[in-house]
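Everything below concerns the one structure shown next.
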Amino acid sequence: MVDEVKIIEQCQVSPPQGSLPSSINLPLTHLDLFWFYCPLVKRIFYYNFPHSTQHFLQTSLPILKKSLSLTLQHFFPFCSKSILPPKPQTPHILYTQGDSLSLTICESNSNFNNLISNSPKDLTLAYPFVPLTSPPTTLQDGTLLFPTMAIQITIFPNFGFTLCFSFRHEIVDGKSFHHFIKFWSSLSKGNLEISSLPLPFHKREIIQDPKGLKQNHLEKLWNSPPKTIESTISTHDHVSSRNNLVRYRFNLTRHHVDNLKKWVVTKSQNIGLEMLHLSTFVVTCSLLWVSMVKLKSQDKKNIIVDCVADEVTNNSTLENDLEDNYGFKCLMDMRNRFELSIPSTYFGNCLMPLEAKLPKWKLLEENGICEAANVIAREISLANPSKEAKKFDVKSQNITRAIGSPKFGVYETNFGWGNPILSEILHVNDSSELLLSDSKDGDGGIEVSMVLEEAQVKKFSDILEVELRDIVVFE
């Protein structure tokens with residue numbers, strides 16, 4: 001049987017009539033403008049639902065639609081337009097009465113169990129369940145109007161359903177998106193009127209820009225506006241052609257993390273390293289960074305061996321890169337910085353990039369994880385959203401990136417049919433990126449999702465197993 005996705009319904013969902021002013025204009029800060037060139041963020045949730053499609057349409061869908069409408073009156077940027085006007089006008093979010101969000105309901109005969117399998121799987125499996133946003137509208141004066149979000153619900157009769165989102169990153173960051181999802185789910189499983197969660201904080205003027213960084217971003221946007229057509233399909237085609245890539249997922253238990261913290265503290269004290277900020281995030285990223293560098297080092301050795309065997313090697317191929325810098329990048333939520341006084345409910349982007357680097361030899365040595373934890377912790381302590389980004393002199397192929405956060409509580413998103421059995425970010429299709437989230441087991445561990453070449457999965461798994469075995473001394 002050929003896998004098919006059949007569209008059952010396409011509709012638009014708006015906030016309740018009269019619940020919002022006829023027009024709302026929100027500025028985009030320098031922390032938002034940075035994301036205009038980012039591809040659409042695509043997040044999917046999988047839920048068990050052992051009932052028929054008709055049962056879902058009659059009992060569950062009306063609740064989801066009603067609760068989504070009520071949620072949008074507070075999270076209206078998701079049914080607004082992202083506006084990019086010509087110079088000297090500035091980009092902003094515009095809500096106009098009658099604006100709505102696209103909701104598509106589908107049915108699929110795909111194997112639901114294959115989709116949620118914990119074994120490495122084809123990247124493209126979930127793509128049919130990703131909603132495509134409408135293309136932007138171009139006005140006569142050249143102004144671009146981008147839809148900000150689309151949602152698709154796909155039903156797998158008698159097995160489950162998926163809830164997938166595509167949204168523009170300049171509107172919000174991950175924390176704000178998950179605030180929206182949690183608010184919607186709380187209304188869906190509650191009485192449709194009152195949520196236990198606080199309302200979002202929309203006053204973007206609270207974001208200070210003492211260095212005038214917004215002007216730099218504006219000049220870039222005016223001189224080189226992003227493409228007017230979202231490249232979702234071309235992206236899928238590109239990834240599909242790289243059929244050696246798979247999505248690989250594993251868990252670091254709370255036991256692993258606690259042992260790792262103790263090990264890093266003891267080791268660091270023994271070698272004279274001061275730990276400034278030893279958190280679960282820091283030690284997890286340090287472990288994964290070192291493991292990724294070891295994987296890349298193994299792959300490079302294999303390439304050199306192949307080149308030698310083919311007698312096409314040269315000095316540059318055999319060049320020792322132990323002195324080269326290897327980098328680690330992640331995004332840091334600045335709502336937690338006491339000196340900025342930005343509320344945790346701030347709705348928008350409140351992230352700044354964090355960049356750490358070390359020579360390859362330091363990461364590969366016995367104390368590599370401690371060295372990595374030290375430099376990541378130091379960069380966190382020095383983070384300042386008002387500072388202009390400094391040049392990061394690390395080759396792109398030597399950079400490991402972490403995205404997501406275990407603090408989002410992804411697996412606590414219950415719409416009334418239980419917690420999700422799986423959640424993934426689908427726009428991640430690069431082997432240099434690590435997706436972190438909370439563990440669905442609820443044990444305080446961390447789930448890690450990666451995209452690797454199929455041949456790399458076993459290598460990485462073996463490297464990680466050795467690293468974890470070395471810290472079991474604290475059992």
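The values are calculated or read from the model by the stated rules, or taken from the named source; none is laboratory data. All of these numbers come straight from a predicted model, not from anything done at the bench. In this analysis, Cβ positions are derived from the backbone assuming ideal geometry, glycine residues included, and neighbour counts consider all displayed protein chains. Accessible surface is based on the protein model in full, side chains and every heavy atom, while ligands, DNA and RNA are left aside. Shrake-Rupley method; radii C 1.70, N 1.55, O 1.52, S 1.80 Å.
Applying the selection to the range 121-164, what residues are assigned to a loop (DSSP other than H, G, I, E, B), over 19 Å from the mean Cα position of the chain (by Cα) and at pLDDT below 95?
The answer is S134, P135, P136, L139, Q140, D141, G142, T143.
Could you tell me whether the range 69-79 includes any residue that is of a type in the set (S, T, N, Q) and either free of Cβ contacts under 8 Å to residues at least 12 places away in the same chain or more than 15 Å from L20 (Cα to Cα) (or both)?
Looking through the range 69-79, none of the residues is of a type in the set (S, T, N, Q) and either free of Cβ contacts under 8 Å to residues at least 12 places away in the same chain or more than 15 Å from L20 (Cα to Cα) (or both).
In the range 93-114, what residues are closer than 25 Å to Q58 by Cα and open to solvent by less than 20 Å² (accessible area, probe 1.4 Å)?
Correct list: L101, L103, T104, I105, C106, S108, F112.
Collect the residues in the range 62-82 that are of a type outside the set (F, W, Y) and open to solvent by less than 10 Å² (accessible area, probe 1.4 Å), keeping them in residue-number order.
L64, S67, L68, T71, L72, P77, C79, S80, S82
(1) farther than 23 Å from R168 by Cβ; (2) surrounded by 18 or more Cβ atoms within 10 Å (Cβ to Cβ); (3) hydroxyl-bearing (S, T, Y): which one isn't true of T59, the others all being true?
Of the numbered conditions (1) farther than 23 Å from R168 by Cβ; (2) surrounded by 18 or more Cβ atoms within 10 Å (Cβ to Cβ); (3) hydroxyl-bearing (S, T, Y), the odd one out for T59 is (2).
Can you work out which of the residues in the range 157-198 that are free of Cβ contacts under 8 Å to residues at least 40 places away in the same chain and of a type in the set (A, V, I, L, M, F, W, C) is nearest to I425 (Cα to Cα)?
L197
How many residues are in a helix (DSSP H, G or I) and surrounded by 15 or more Cβ atoms within 10 Å (Cβ to Cβ) when one looks only at the range 1-54?
Here the count works out to 5.
One residue is enough: does the range 426-435 have a residue meeting the conditions among the β-branched types (V, I, T), within 16 Å of L260 (Cα to Cα), open to solvent by less than 10 Å² (accessible area, probe 1.4 Å) and outside any helix (DSSP H, G or I)?
No, the range 426-435 contains no residue that is among the β-branched types (V, I, T), within 16 Å of L260 (Cα to Cα), open to solvent by less than 10 Å² (accessible area, probe 1.4 Å) and outside any helix (DSSP H, G or I).
Which count do you get for residues in the range 184-211 that are touching a His at 6+ places or on another chain (Cβ under 7 Å) and at pLDDT 95 or above?
Count: 2.
Which numbered condition in (1) open to solvent by less than 10 Å² (accessible area, probe 1.4 Å); (2) within 30 Å of G190 (Cα to Cα); (3) out of contact with any Lys or Arg (no Cβ under 6 Å at 6 or more places or on another chain) is the only one that W417 fails?
Against the list (1) open to solvent by less than 10 Å² (accessible area, probe 1.4 Å); (2) within 30 Å of G190 (Cα to Cα); (3) out of contact with any Lys or Arg (no Cβ under 6 Å at 6 or more places or on another chain), W417 comes up short only on (1).
Kindly provide the set of residues from the range 436-470 that are of a type in the set (A, V, I, L, M) and buried (at least 20 other Cβ atoms within 10 Å of the Cβ), ordered by number.
Selection gives L436, I446, V448, M450, V451, L452, L464.
Within the set of pairs 6 or more residues apart or between chains, which connect a residue that is within 26 Å of S437 (Cβ to Cβ) inside the range 22-48 to a residue that is open to solvent by 10 Å² or more (accessible area, probe 1.4 Å) and not in a loop (DSSP other than H, G, I, E, B) with Cβ atoms less than 6 Å apart?
R43/I425
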